[in-house]
1. Looking only at the range 42-70, count every residue that is exposed (fewer than 12 other Cβ atoms within 10 Å of the Cβ) and within 13 Å of the chain's Cα centre (by Cα) and tell me the total.
2. Given the condition modelled with pLDDT under 95 and either among the basic types (Lys, Arg) or in a loop (DSSP other than H, G, I, E, B) (or both), answer yes or no: does some residue in the range 5-12 qualify?
3. Under 8 Å between Cβ atoms, which residue pairs at least 6 apart in sequence (or on different chains) link something in the range 53-70 that is in contact (Cβ under 8 Å) with a residue 12 or more places away in the chain with a partner that is aromatic (Phe, Trp, Tyr)?
Amino acid sequence: MKKNEIDTSYLTELMESVMQDTSVPRNIRKVVEDAKEKLKNQEELGVSISAAVYMLDDVSNDINMPSHTRTEIWTIISELENLKEKIK
């Protein structure tokens with residue numbers, strides 16, 4: 001379980017960098033913040049990861065998102081999916 005927590009903290013750091021980027025629209029930062037909150041539920045981590053991936057995937061299609069942020073979101077989604085495979 002410690003390994004999952006380390007991976008989750010890495011992901012929350014990635015999310016934090018998106019949330020602190022003022023070039024990212026507020027609604028997108030809010031979705032990233034909500035996805036980060038989902039990851040705090042360690043007991044049902046698989047379900048939490050799926051919910052976070054769904055939220056981030058949905059927002060990644062936002063037309064107002066800067067291209068560098070879209071790349072960061074895709075990186076976060078990829079890391080979440082890797083983490084989900086590890087905990088299966």
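The values are calculated or read from the model by the stated rules, or taken from the named source; none is laboratory data. Small disclaimer: the values here were computed from a predicted structure and weren't measured. Every residue, glycine among them, receives a Cβ derived from its backbone with ideal geometry; neighbour counts consider all protein chains shown.
1. So the answer is 1.
2. No - not one qualifying residue is present in the range 5-12.
3. Filtered contacts from the range 53-70: Ser60/Trp74.
A quick yes/no check of all residues on (1) among the polar types (S, T, N, Q); (2) in contact with a Lys or Arg (Cβ under 7 Å, 6 or more places away or on another chain); (3) assigned to a helix (DSSP H, G or I); (4) over 16 Å from Leu14 (Cα atoms):
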site: Lys30; (1), (2), (3), (4): no, no, yes, no
site: Glu37; (1), (2), (3), (4): no, no, yes, no
site: Gln42; (1), (2), (3), (4): yes, no, no, yes
site: Val47; (1), (2), (3), (4): no, no, yes, yes
site: Leu56; (1), (2), (3), (4): no, no, yes, no
site: Thr71; (1), (2), (3), (4): yes, no, yes, no
site: Trp74; (1), (2), (3), (4): no, no, yes, no
site: Glu81; (1), (2), (3), (4): no, no, yes, no
